[in-house]
Structures are given as C-alpha cells and as structure tokens.
C-alpha cells in the first residue's frame, strides 16, 4: 500500500504509520471537521454509521481550513480518542 503525504513539504519526512485498531466496535473515534463546506454533512452520516456499530463518537472542529489544527486540539483528540477521521470536502 502506498500512502501519500498531503502536506506542502518539498521533501516529506519518512513517517511510521500508526498501528491499526482492527475492530472498531466499542472504540472511541474522533471526527474532525476542518471547516470546509459540507464536511459536516459527511461527518454527520459517518457518525450515524459508527454509532450503529457501538462506536463512541467525539466531534471536533478547526476554526478554519486554512491553518493546521492547533497543538491543543491535536493533543485533546489524541488524549480522548483511539482513532480519528478528518473530513475534507467542498
């Protein structure tokens, strides 16, 4: 599997992927809205599907898509969730 780095780094640093959860039933998953139009629509539907699988969903949002998530927000998500989905939509 090839993973692409969406950052603007001209020479991306090699990064180790996060370990996979396996089964998500009963897990805590964060949904991060980056504040692009209709991202919330996607995340609303995803939340419904996850909650039907006994997943605890926590919602987060960046104030603007034009900047990276703050260190505080990233730390909060890491402390509260076992996985995260970020919505990129227009």
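The values are calculated or read from the model by the stated rules, or taken from the named source; none is laboratory data. As the structure is a prediction and not an experimental result, all values here were calculated from the model. So basically every Cβ, Gly included, is an ideal-geometry build from the backbone, and we count neighbours across all protein chains shown.
Of everything in the stretch 45-87, what is farther than 21 Å from residue 20 by Cα and under 13 Å from the mean Cα position of the chain (by Cα)? Give them in sequence order.
60, 61, 62, 68, 69, 73
Restricting attention to strands (runs of 3 or more DSSP E) lying wholly within the stretch 6-90, give those where 1 or more residues are modelled with pLDDT of 85 or more, loosely packed, with under 13 Cβ neighbours inside 10 Å and touching a strand residue (DSSP E or B) at 6+ places or on another chain (Cβ under 6 Å).
56-61
May I ask you to list the residues in the stretch 26-57 that are farther than 12 Å from residue 86 by Cα and in contact with a helix residue (DSSP H, G or I) (Cβ under 6 Å, 6 or more places away or on another chain)?
57
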